[in-house]
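Everything on this sheet refers to the single structure shown next.
The values are calculated or read from the model by the stated rules, or taken from the named source; none is laboratory data. Bear in mind the structure is a predicted one, so any value in this text is a computation, not a measurement. Quick reminder, even Gly has a Cβ in these numbers, built from the backbone with ideal geometry, and neighbours come from all protein chains shown. Calculation scope for accessible area: heavy atoms of the full protein, side chains included, ligands and nucleic acids excluded. Shrake-Rupley method; radii C 1.70, N 1.55, O 1.52, S 1.80 Å.
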Amino acid sequence: VDTPGFQGMLRLLAEGRCWVKLSGAYRNSALGHPYADTLPFVQTLVRTNPEQLVWGTDWPHPSVRVMPNDGDLVGLVPLWLPNEALREQVLVRNPANERQVVVRSCAHSDAKVIANIAATAYGEGKVK
């Protein structure tokens, strides 16, 4: 959660300057289902700005070695969005917003890419 890329994305999210799709836990988890090691990232995103989040399974799951069970991914929704108001916001109201520009939430693998997006948005140049 403390990586520069994730922190850069959080700054953008907090300011309402980006949308983040909650997805891809199976891509970033070292533990497998139920991907408990991704929960701190999701909780941080939800605390930061739930009005700028959307959710998806990432079906058809391109470029994965082991195909995740979509039912398992849907089953994460109550863990990630623990109350009805959050689920309504992220699953219904936010996707209806026409101004979305989504940056996929990647806890580990794309941290440098996210850092560069954040740095560029803030006029700070590329992260090395």
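Structure summary
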| item | result |
| --- | --- |
| Accessible area expressed per residue, the stretch 1-80, with surrounding protein chains retained (probe 1.4 Å, Å²) | 50 Å² |
| Cα gyration tensor shape for the stretch 14-64, rounded if a/c is under 1.5, else prolate or oblate | oblate |
| Förster radius 35 Å - calculated FRET efficiency between ARG93 and ARG65 (Cβ-Cβ, nearest 0.05) | 0.50 |
| Size of electric dipole in the stretch 1-62: Cβ of Lys, Arg +1 and of Asp, Glu -1, about Cα centre, debye, nearest 20 | 80 debye |
| For LEU22, distant residues with modelled amide H under 5 Å away | VAL54, TRP55, GLY56 |
